[in-house]
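Worksheet: the structure to be examined is printed underneath.
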Amino acid sequence: MSAVPAWTLAAVTALALGAAAWAVRFGVRQRRELGKARTQLRAALDELERSRAASAEAYASLQRTQAELVSSARLASLGDLIRGVAHEINTPLGALSSNYDVTRRALERLEIILEDEVVDEDELVEVRKIVAAVEGVQETNAMAVERMVKLVRSLRTFGRPDRSEIDHIDLHEALESALRLLSHETSERVRVVREFGDLPAVECYGDQVNQVFMNLLVNAVHAIRGEGTLTIRTSRNADRAVVEVADTGVGISEENLARVFEPGFTTKGKRVGMGLGLLITRQIIERHGGSISVRSTVGRGTTFTVELPLRLPREAPGEGEETVRAGSAATGRG
Amino acid sequence: MREDQPGTVLIVDDERMVVRSLQSFLGLETPYDVLPFVSPQEALESLETRPTQVVLADFMMPEMDGITFLKKARELQPEATRILLTGYADKENAIRAINEVGLYYYLEKPWDNDHLKLVIRNGVERSSLFNELSSRVEALEKANEELHGFRERLVKAFL
């Protein structure tokens, strides 16, 4: 030890002291940094918590908006329905209101003729005229009443809505009902071809399936500018019902074809509730365990193919149904 | 008021119940001959041969719309009075027709029978007046020609 010179000892001591001081400083710095990092981490966690809360809120608000949009889409098709009904009712109403008036006039004339309790030659001619008029009235009354009965029957198919009950639906009947309500748009310019196959009743939510057909048929009719043909084909493919709605309308371009089921996609201009029809259509079909596909050629027309299982999958409908319920509640029905 | 003059009224609507109702009413309340049609094509064939005072057409018909029909009717019988019967929400088309086919009147469904009777009676009268006017104009032209010939002869006789 004594061999170690004093300067060495001093140097080592200085070094050791320096190292210790450094170590202490380092430890302190490390601890300080660690603390700082912990604070930062805590802040980040707080921030994360805040943004999680914010996104949960945003998600809830998005859900509300979607429900509102779905509801306005339903309102749009409700509007179509009401216009159809108003138009359909107008013809028999015109006939009936005229007939009522004719009957009143006929009675008045008969009373005048019968007043003196004698019927002369001239009056006999008049009576024959009255009889002919009343016969015409009877005939048209029958036609008008029949038309209204048919209309009410179609509406009843659509009137089940919003209770979302499982039905066994004759798809052909459902298609006919939708067609009848669109007849004011089709009768003049669209030829409707029915190629109906053999189909058993399909277990489904009847109101929703009606909405699907209404949406597809309205789209097809709107796609036909001027005159054209609407072909509806049905068939059975094992345990699935297949419905094809084909129009000879304007068609959809390839780039748009991929987007037709996206929310907000529309070619009909910016109107509230537009551009959701096909999204809802697909949602409904998928909820039934079915599928929908589309093929189209610009200028030639578009074909939508819907496949629905004859029996509902057991767990359906899922949470999506809430959206539809929320929508229907907002329409003030249900 | 003067007595209703005779006249022929043609009705065309693809809805049989409408045609039949109009026919019942006009048959009971007016002296006119009513020609009912559910096909515009057949109605045009009638117009080719039978003088008609009033042509009443529905707007929405699958075979041919009311404006096209009335345009063709005008070519066949220009002096006939043309009336359009419009359904729900066809008003814009009716207004378009006023200029395109020289429409006299448009009635909306459901129609009022008294109003319809008045419009048709005025239509018949108007068409008859047109006919009378054109035959008077014809007679006047003929007289004018005769007068002209007479004057020429007179001038020749004196020169």
Legend entry - Cβ crowding within 10 Å averaged over residues, with B:146-157, B:18-29 ranked highest first: B:18-29, B:146-157
Legend entry - chain B: Rg to Rh, with Rh as the Kirkwood radius over Cα pairs: 1.16
Legend entry - Ellipticity estimate at 222 nm from DSSP helix runs (n ≥ 4, -39,500 (n - 2.57)) divided over chain B, nearest 500: -19500 deg cm²/dmol
Inset, instruction - Give, as a single signed number, the net charge of other residues whose beta carbon lies under 14 Å from the beta carbon of A:E57, with Lys and Arg counted +1 and Asp and Glu -1. - result: +2
Inset, instruction - Among DSSP beta bridges lying fully in the protein assembly as shown, give the percent that are antiparallel, nearest 5. - result: 55 percent
Inset, instruction - Just tell me how shielded A:128-136 is by partners: mean number of partner chain Cβ atoms within 10 Å of each residue's Cβ, no decimals. - result: 3
Inset, instruction - Among A:S55, A:S235, A:S97, rank each residue by its count of other Cβ atoms within 10 Å, from fewest to most, as a rough exposure measure. - result: A:S55, A:S235, A:S97
Inset, instruction - Find the relative contact order for region B:1-66 and round it to a whole percent, using C-alpha pairs within less than 8 Å whose residues are 6+ positions apart. - result: 42 percent
Legend entry - Other protein chain Cβ atoms within 10 Å, averaged over every residue that makes up A:139-146: 4
Legend entry - D (Stokes-Einstein, µm²/s), Kirkwood Cα radius, the protein assembly as shown, 1.002 mPa s at 20 °C: 73 µm²/s
Inset, instruction - Count, for each residue of A:88-97, the Cβ atoms from other chains sitting within 10 Å of its Cβ, then give me the mean as a whole number. - result: 6
Legend entry - Mean Cβ count within 10 Å, highest first, over the residues of peptides A:20-27, B:31-38: B:31-38, A:20-27
Inset, instruction - Taking just the C-alpha trace of region B:55-125, give me its Rg and Dmax in Å. - result: 11.4, 31
Inset, instruction - With the Cα gyration tensor of region B:18-83 in hand, give its eigenvalues times 5 under a square root as the equivalent ellipsoid semi-axes, listed largest first in whole angstrom. - result: 19, 15, 10
Inset, instruction - Within region A:185-249, report the trypsin sites (Lys or Arg not before Pro) that DSSP leaves as loop and that have at most 11 other Cβ atoms within 10 Å. - result: A:R225
Inset, instruction - With viscosity set to 0.692 mPa s and temperature to 37 °C, compute the Stokes-Einstein D of region A:1-57, Rh being the Kirkwood radius across alpha carbon pairs; µm²/s, no decimals. - result: 217 µm²/s
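Readers should treat all values here as calculations from the given coordinates under stated rules, not as data from a laboratory. Values in this document were obtained by computation on a predicted structure and should not be read as measured data. Reconstructed Cβ throughout: ideal geometry from the backbone, glycine too, with neighbour counts over all protein chains shown.
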